[in-house]
Amino acid sequence: MDRYDVTALGELLIDFTENGMSSQGNPLFEANPGGAPCNVLAMLAKLGHRTAFVGKVGEDFFGKQLKASIEEVGISSEYLLTDQEVHTTLAMVHTLPGGDRDFSFYRNPGADMMLTEQEVPLELIRNSRIFHFGTLSMTHEAVRRATRRAVEEAKGNNVPISFDPNLRLPLWRSMEEAREQMEYGLSRCDILKIADNELQWYTGEEDFDRGIGRLKEVFDIPMILLSMGREGSRAYYKDIWVEVLAFRQEATIETTGAGDTFGACCLHSILQNGLKNFDEEKIREMLVFANAAASIVTTRKGALRVMPAAEEVKNFIESRRCGS
């Protein structure tokens, strides 16, 4: 079997994003392909990496659209399955003032929840350089077992595990269940990408350093990446702590996919350098590039099909340096 740089398991869905008003005054929504794991893979593919996705969509119009979309951006669809009875998962994305979002999911059930343990391609995972997952594939028992089977296969074969909680609390039956499943991911991962609000929710600490300290007391995670939205990002690695400010833009319209873009760029750097070979300079370079790519994505609707190429990101960074 050919080796993939990153394999991800999880949700592939349609993000209906607001796109103006009709002549009758009704909101218009654009059907953008989305889902955090594939957003990550799309950015990695744009940066030249071989990527594969494991998941399930419905045997419907949207499922066909999603399959075509991931193939278009260079993600292998060989392990994308279809469900004959359950429709593709949908999400309505409401953009708030400032670009943040509120999600309404149509997923009771959704096809992404139908992936079973027996359908997980274990050889693919064994032959990947990194395995990536989040918590949306852990909200219900069947897909949770599939996710855990994949994670344990990666762990047992020394495949580095990347985890982004991407916590969507309305999808959980209880906060206790969400916490328990998030703890599982924290206990297994080698690379953690976590948003500031997720860190505060899980640890109960408003101060980020204290929150990260709480995580480090319990979990042995070599690389922790903290995204802080308009405030930038931080990385915690061994005894190194690095913070890089965000590239703020007046052209920002929404933040869908920004965190996924950031995380993917960090995985790109880890693939280039190796998880054990970072110093402060390399971490700073990683965060600058990741912040810049995320900033570019905030100026575009959707995420999966609008990821920037490496040259565009580098030119953007250079333009900001020249303008400073």
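The values are calculated or read from the model by the stated rules, or taken from the named source; none is laboratory data. Keep in mind that what you see is a predicted model, and the values were worked out from it rather than measured. Because the Cβ atoms are built from the backbone with ideal geometry, glycine has one as well, and the counts that use them run over all protein chains shown.
A few points about this structure:
- Residue within the stretch 239-258 that is among the β-branched types (Val, Ile, Thr), under 15 Å from Ser162 (Cβ atoms) and under 19 Å from the mean Cα position of the chain (by Cα) present: no
- Search result, residues across the stretch 62-96 that are part of a loop (DSSP other than H, G, I, E, B), within 19 Å of Val306 (Cα to Cα) and not hydrophobic (A, V, I, L, M, F, W, C): Gly74, Ser77
- Pick from the stretch 240-265, criterion of a type in the set (Asp, Glu) and at pLDDT 95 or above, ranking: surrounded by the fewest Cβ atoms within 10 Å (Cβ to Cβ): Glu243
- Qualifying positions in the stretch 115-144 - part of a helix (DSSP H, G or I) and within 16 Å of Trp172 (Cα to Cα): Leu136, Ser137, Met138, Glu141, Ala142, Val143, Arg144
- Contact map, the stretch 236-247: residues that are assigned to a loop (DSSP other than H, G, I, E, B) paired with residues that are of a type in the set (A, V, I, L, M), Cβ distance under 7 Å, separation 6+ or inter-chain. Pairs shown: Phe247/Ala292.
- Scan of the stretch 269-287 for residues that are in contact with a helix residue (DSSP H, G or I) (Cβ under 9 Å, 6 or more places away or on another chain) and either hydrophobic (A, V, I, L, M, F, W, C) or within 17 Å of Ile224 (Cβ to Cβ) (or both), ordered by number: Ser269, Ile270, Leu271, Asn273, Phe278, Lys282, Ile283, Met286, Leu287
Listed here are the residues, each with its yes/no results for (1) under 18 Å from Pro37 (Cβ atoms); (2) of a type in the set (A, V, I, L, M, F, W, C); (3) touching a residue at least 40 places away in the same chain (Cβ under 8 Å); (4) surrounded by fewer than 16 Cβ atoms within 10 Å (Cβ to Cβ).
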| site | (1), (2), (3), (4) |
| --- | --- |
| Asp102 | no, no, no, yes |
| Phe105 | yes, yes, yes, no |
| Glu123 | no, no, yes, yes |
| Arg129 | yes, no, yes, no |
| Met138 | yes, yes, yes, no |
| Thr147 | yes, no, yes, no |
| Val151 | yes, yes, no, no |
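- Selection of the stretch 43-74 for residues being under 18 Å from Cys266 (Cα atoms) and not basic (Lys, Arg) yields Met43, Leu44, Ala45, Leu47, Gly48, His49, Thr51, Ala52.
- All positions within the stretch 11-59 that are touching a Ser or Thr at 6+ places or on another chain (Cβ under 9 Å), at pLDDT 95 or above and more than 18 Å from Ala258 (Cα to Cα): Arg50, Thr51, Ala52, Phe53, Val54, Gly55, Lys56, Val57, Gly58, Glu59
- Residue in the stretch 185-199 that is surrounded by fewer than 16 Cβ atoms within 10 Å (Cβ to Cβ), within 26 Å of Val93 (Cα to Cα) and out of contact with any strand residue (DSSP E or B) (no Cβ under 9 Å at 6 or more places or on another chain) present: yes
- Among the residues listed as Leu226, Leu267, the single one being under 13 Å from Leu192 (Cα atoms) and outside any helix (DSSP H, G or I): Leu226
- Taken together, Ile317, Ile296, Ile270 contain a single residue that is over 21 Å from the mean Cα position of the chain (by Cα), at pLDDT 90 or above and aliphatic (A, V, I, L, M), which is Ile317.
- Within the stretch 82-92, the set of residues being surrounded by 18 or more Cβ atoms within 10 Å (Cβ to Cβ) and either within 30 Å of Gly48 (Cβ to Cβ) or modelled with pLDDT under 95 (or both) comprises Thr88, Thr89, Ala91.
- Among the residues of the stretch 16-54, the one identified as aromatic (Phe, Trp, Tyr) and either out of contact with any strand residue (DSSP E or B) (no Cβ under 6 Å at 6 or more places or on another chain) or buried (at least 21 other Cβ atoms within 10 Å of the Cβ) (or both) is Phe53.
- Residue, nearest to the chain's Cα centre (by Cα), within the stretch 146-179, restricted to residues that are among the charged types (D, E, K, R) and not in a helix (DSSP H, G or I): Asp164
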